[in-house]
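Structure first, commentary second.
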Amino acid sequence: MLIKNLEAAIERVHELLEKQHAHFRIEDHLTAMNLRCIELIYGNCGLRIIDLLLEKPDRCLRVIVKRLQQKHDEWVDCRTRFNKGWEDVYTKYYQRSLDHHSSRFNQRDAKCLSHLENLMEDCCI
């Protein structure tokens, strides 16, 4: 979700850079989610960066889009590394999950068979 929000912010900033004109308001072009994403990227300095962006958008946008793209690449790389780790975990514990279900299936089978045995006894008597 974080990566998707970052992609949306990058797209919006790229659109702003293409359509950049003399005086424009950032609030009219970037959503609160986009601004929050920029703030999150810069960490403790995020609020200062947002203030600078609101004051001088023409100067800040090029720097911000580079930083957003850098973080996007970093997070996508992290996600692929995590996915490989999770894949190992999934394959490791898949057999255990089947064992867990097998005890439940055995219990159900025992109940069904006992009911069938009772029915067979009733029918034979």
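Worth pointing out:
- Residue ID - modelled with the highest pLDDT, chosen from residues in segment 100-125 that are among the acidic types (Asp, Glu) and either surrounded by 10 or more Cβ atoms within 10 Å (Cβ to Cβ) or touching a Pro at 6+ places or on another chain (Cβ under 7 Å) (or both): ASP109
- From the list LEU47, LEU35, LEU6, the one residue that fits, being among the aliphatic types (A, V, I, L, M) and over 21 Å from the mean Cα position of the chain (by Cα), is LEU47.
- Long-range neighbours under 9 Å by Cβ, at least six apart or interchain, first residue open to solvent by 80 Å² or more (accessible area, probe 1.4 Å) within segment 1-22, second part of a helix (DSSP H, G or I) and modelled with pLDDT under 85: ALA22/ASP58
- If you go through segment 1-50 and pick out every residue that is farther than 14 Å from VAL63 by Cβ and among the aromatic types (Phe, Trp, Tyr), you end up with 1.
- The single condition among (1) assigned to a helix (DSSP H, G or I); (2) under 23 Å from the mean Cα position of the chain (by Cα) that GLU15 does not meet is (2).
- Cross-chain or 6+ apart pairs with Cβ under 7 Å, segment 58-74 first and assigned to a helix (DSSP H, G or I), then of a type in the set (S, T, N, Q): ASP58/GLN20
- Meets criteria (free of Cβ contacts under 8 Å to residues at least 40 places away in the same chain and either surrounded by 13 or more Cβ atoms within 10 Å (Cβ to Cβ) or on the phi > 0 side of the Ramachandran plot (or both)) for ARG36: yes
- In the condition set (1) buried (at least 19 other Cβ atoms within 10 Å of the Cβ); (2) out of contact with any helix residue (DSSP H, G or I) (no Cβ under 7 Å at 6 or more places or on another chain); (3) of a type in the set (Val, Ile, Thr), THR31 is compliant with all but (1).
- Being at pLDDT 85 or above, within 19 Å of GLU7 (Cβ to Cβ) and open to solvent by 100 Å² or more (accessible area, probe 1.4 Å) holds for only one residue in LYS84, LYS66, LYS71, and it is LYS66.
The values are calculated or read from the model by the stated rules, or taken from the named source; none is laboratory data. This structure is a prediction, so every number in the text was calculated from the model and none was measured. Neighbour counts are summed over all protein chains in view; Cβ atoms, including those assigned to glycine, are modelled from backbone coordinates with ideal geometry. Accessible surface is based on the protein model in full, side chains and every heavy atom, while ligands, DNA and RNA are left aside. Shrake-Rupley method; radii C 1.70, N 1.55, O 1.52, S 1.80 Å.
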